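Visitor: I have a structure I would like to understand better, so I am pasting it below and will then ask my questions one at a time.
Computed from the coordinates by the stated procedures, all read-outs in this text should not be read as laboratory data. Because the structure is predicted, anything quoted here is derived from the model rather than measured. Using ideal geometry, Cβ is built from the backbone for each residue, glycine included, and neighbour counts are taken over all protein chains shown.
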Amino acid sequence: MEKKRILSGIQPSGISTLGNYVGALRNWVKLQVDDRSCFYCVANMHAITVRQNPDELRSRTLDTAAILLACGVDPNRSALFVQSEVHEHAELSWVLNCYTYLGELNRMTQFKDKSSKHSDNINAGLLTYPVLMAADILLYRAHYVPVGEDQKQHLEIARDIAERFNKVYGDVFVIPEPLVPKVGGRIMSLQDPTKKMSKSDPNPASYITVTDEPSAIMKKFKRAVTDSEGRIAYNENQPGVANLLSIYSTFTGMTIEESLAHFDGMGYGTLKTAVAEAVIDGLALVREEFRRIRDDKAYLREVLSRGREQAAEVAARTIADVYGRIGLGAFFD
Ligand code: ATP
Ligand code: LTN
């Protein structure tokens, strides 16, 4: 039987957060089993939709690769690579741009969100971002895409583009499905629990990174915004407390109901300390491994070069097929 393929990506726009870890990275690691083939990329081309300092971008690209390895991405099971090193991503992205409607792109909430945050630089890349993401996915004919909830809309558009293309040219692309965790698919900011936790948030108190020191983790949770209800409950009116409960549950493996029972009658202070302790424990190994791997440049170089080769082999086949079907290639066949 044909192996199911998995693809996902993460931007090197900062050190990955608890949200990235719970919403996506943990699943990337779990999905590495024998009957699947996994492709994981550092989406550095996506990151330039907002201005980046070149040296910082390079350094964060390696940080992100080291974080993925520290979280448990296994280069002997998965192809781990940098998006810009496989040129077919840009090539397919251009083709798919010609099969995507402006109306579809204008509706994307991430575009609306990012263009209001970067109103001085509403570039075309910010709008066509989901097309590059569709290219990332479709290039590997991925069946499943493990992502956080915020990326579901982008997956919808990738599916629509793939279906539209297949209708004209035959079965070129696999129609991908998102894999979003039931709990933890959307971890919220610790400072504004109505907004998602984001590594590019200007306020570092709003997020926990996977490499934060235990003292910083404790401090940030203690300062987390809750409410004045004073009762630990899981509902929409108490988004801060609900967020803490979700984080606690994902790190302890308990259900929300079990966590609620555990904290029955206790105060917010107790909840915050318990969440911080669970997170400190859960991330201890990631932090240690990150430092070790990030300092080993030769290892990183070797892993990323092997990943690039594996990815490029698949990508080259898809792009040749696509070019052939639309008349951009296969001139003398
Ligand atoms: P940025 O702040 O630069 O936009 P980000 O923190 O949103 O970045 P991405 O690199 O865009 O992170 O996302 C990587 C993966 O992490 C995606 O699958 C995304 O859905 C997931 N993810 C991001 N933030 C969260 C969150 N708060 N909760 C759950 N999953 C998340
Ligand atoms: N756009 C994603 C990151 C990303 C991605 C991908 C996710 C880039 N390419 C391909 C899944 C599949 C984000 O989280 N903002």
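Visitor: Tell me the angle of helix 54-71 to the major Cα principal axis of the chain, expressed in degrees between 0 and 90 and rounded to the nearest ten.
Guide: For 54-71 against the chain, the angle is about 70 degrees.
Visitor: Mind listing the phi-derived Karplus ³J(HN,Hα) values for region 296-312, rounded to whole Hz, using 6.51, -1.76 and 1.60 with θ = phi - 60°, and x for any glycine or proline?
Guide: 9, 4, 5, 5, 4, 4, 5, 4, 5, 6, 5, x, 4, 4, 5, 5, 4
Visitor: Quick one: which of K219/K272; K117/K222; K114/K199; K114/K196 span more than 20 angstrom between C-alpha atoms?
Guide: Values: K219/K272 10 Å; K117/K222 28 Å; K114/K199 13 Å; K114/K196 13 Å.
Over 20 Å Cα-Cα: K117/K222.
Visitor: Treat region 182-333 as a sphere of radius equal to its Kirkwood radius over Cα pairs and apply Stokes-Einstein at 20 °C in a medium of 1.002 mPa s; give the translational diffusion coefficient in µm²/s, rounded to a whole number.
Guide: On the way: Rh = 18.6 Å.
Diffusion coefficient, whole number: 115 µm²/s.
Visitor: Testing the spin-label approximation: label points 7 Å from Cα along Cα→Cβ at Y323 and I256. State their distance in nm.
Guide: For Y323 paired with I256, the spin-label model returns 5.0 nm.
Visitor: Now, a different point. Tell me, what HN-Hα J-couplings in whole Hz come from the Karplus equation 6.51 cos²θ - 1.76 cosθ + 1.60 at θ = phi - 60° for each residue of region 248-255, using x for Gly and Pro?
Guide: Result, rounded to whole Hz: 4, 4, 5, 7, 9, x, 7, 7.
Visitor: Distance between Cα centroids, region 176-223 to region 64-127: provide it in whole Å.
Guide: Between the Cα centres of region 176-223 and region 64-127 lies a distance of 21 Å.
Visitor: A further question on this structure: Quick one: Karplus J couplings for region 78-85, per residue in order, coefficients 6.51, -1.76, 1.60, θ = phi - 60°, nearest Hz, x for Gly and Pro?
Guide: Values, residue by residue: 10, 8, 10, 8, 9, 3, 5, 7 Hz.
Visitor: Of all DSSP beta bridges located in the chain, what percent are antiparallel, nearest 5? Walk me through the numbers before you get to the answer.
Guide: Numbers: 2 of 18 bridges.
Just about 10 percent of them are antiparallel.
Visitor: Could you tell me how many degrees, from 0 to 90 and to the nearest 10, lie between the Cα long axis of helix 268-294 and the main elongation axis, the longest principal axis, of the Cα atoms of the chain?
Guide: Roughly 40 degrees between the two axes.
Visitor: Over the Cα atoms of region 209-287, compute the convex hull volume and normalise it per residue, giving Å³. Don't skip to the end; give the middle numbers.
Guide: Values: hull volume 6.3 nm³, N = 79.
So the per-residue Cα hull volume is 79 Å³.
Visitor: Here's another thing I want to ask about it. Taking all pairs of different Cα atoms in region 34-158, averaging 1/r and flipping that mean, what Kirkwood radius in angstroms comes out?
Guide: The answer is 15.7 Å.
Visitor: Beyond 19 Å, how much of the Cα-Cα pair distribution for region 51-106 remains, as a whole percent?
Guide: Of all Cα-Cα distances in region 51-106, 53 percent exceed 19 Å.
Visitor: May I ask for the angle, rounded to the nearest 10°, between helix 152-169 and the longest principal axis of the chain, with both axes built from Cα atoms and the value confined to 0 to 90°?
Guide: So the inclination is approximately 20 degrees.
Visitor: Moving on. Set the Förster distance to 41 Å, then compute FRET efficiency between N53 and A330 from the Cβ-Cβ distance, nearest 0.05. Don't jump to the answer; show the numbers that get you there.
Guide: Numbers: r = 42 Å, r/R0 = 1.02.
For N53 and A330, the calculated efficiency is 0.45.
Visitor: Between R231 and D171, how many nm apart are label points set 7 Å from Cα along the C-beta direction?
Guide: Result for the modelled spin labels: 5.6 nm.
Visitor: Something else now. Between R36 and K112, what FRET efficiency follows from the Cβ-Cβ distance if R0 is 30 Å, with the result rounded to 0.05?
Guide: Details: r = 34 Å, r/R0 = 1.14.
Computed FRET efficiency for R36 and K112 comes out at 0.30.
Visitor: Please state the Cα pair-distance histogram of the chain with 20 angstrom bins from zero: what percent is in each bin?
Guide: 30, 56, 13, 1
Visitor: Straight-line reach from K4: which lysines have Cα under 27 Å away, leaving out those fewer than 8 places along the same chain?
Guide: Filter leaves K30, K152, K167, K182.
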